[in-house]
Amino acid sequence: MTAPLTPPPPPHHQPSDNAHGWQTPPAGGAAGYAGYAGYEKDGPGMKTEVRDAAVITVALALAGVLLGVLWWWLAPHVPLVADDTAVYLKDTEGEQAIGVDGTFTLLALGFGVVSAAVVFLVRRRGGVPLVVGLAVGGLLGSLLAWRLGVYLGPTQNVVAHAKAVGKGVTFSAPLKLGAKGALLAWSLGALVVHLGLTALFGPRDPDPYESPYPEFPPGPPAG
């Protein structure tokens, strides 16, 4: 007579990550996740951005020399004429004075577009310091261009100029910027263009809800 056979115990399943169909993290574990978390830290630091902004400010301020020369060269001349008692506008209905302001504004806007495009191509990530550098540099460049154009233009001493050319002889009025708001054209143009380029072609932030792990096929169901 033999003893009854006892059935073997059921196999003991160790808990695993795939018991509920979860995906296994990639090799490297926490190290791989840490590498992903530091992905967005590869941009330039604040010191680098401030240094770049300072360089941009100085470069745009110096570019104001070119703007001033172009304004002096391209701006229309306001004709004056003198008699024995006073100096008069030769053409009282002329629009030369408006053309002087318009020439400066258009040139400044063009400089703003070019400077914004160059800054974006060099530093696509942008940043607040770079935007501030564009605004301040454009304003300084406009101020320098304004004063340089006035200096290169006809003398500011209208009476002496009239006496030098003689009575009834037409001469040019001093170069003058009547609309001081034109000094902001460079900065405004640069800011608008730079923000537009950044919005259209700048780098995108990663989706915060996107899994940092690569996709794996689901594991086998728990036995």
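The values are calculated or read from the model by the stated rules, or taken from the named source; none is laboratory data. Quantities reported herein were computed from a predicted structural model and do not represent experimental measurements. Counting neighbours? That spans all protein chains shown, and the Cβs are built from the backbone with ideal geometry, glycine included. Surface areas here come from the heavy atoms of the whole protein model, side chains and all, with no ligands, DNA or RNA. Shrake-Rupley method; radii C 1.70, N 1.55, O 1.52, S 1.80 Å.
How would region 59-144 be classified by its alpha-carbon gyration tensor: rounded, prolate or oblate, with rounded meaning a/c under 1.5 and the a/b versus b/c comparison settling the rest? Numbers along the way, then the final one.
Working: a/c = 3.95, a/b = 3.32, b/c = 1.19.
Prolate, since a/c reaches 1.5 and a/b exceeds b/c.
Provide the FRET efficiency to the nearest 0.05 for the residue 125-residue 62 pair, computing r from the beta carbons and using R0 = 22 Å.
Values: r = 25 Å, r/R0 = 1.12.
That pair, residue 125 with residue 62, gives E of 0.35.
Rounded to the nearest percent, how much of the accessible area of region 96-192 (1.4 Å probe, protein heavy atoms only) is carbon and sulfur?
Values: 3460 of 4750 Å².
C and S atoms contribute 73 percent here.
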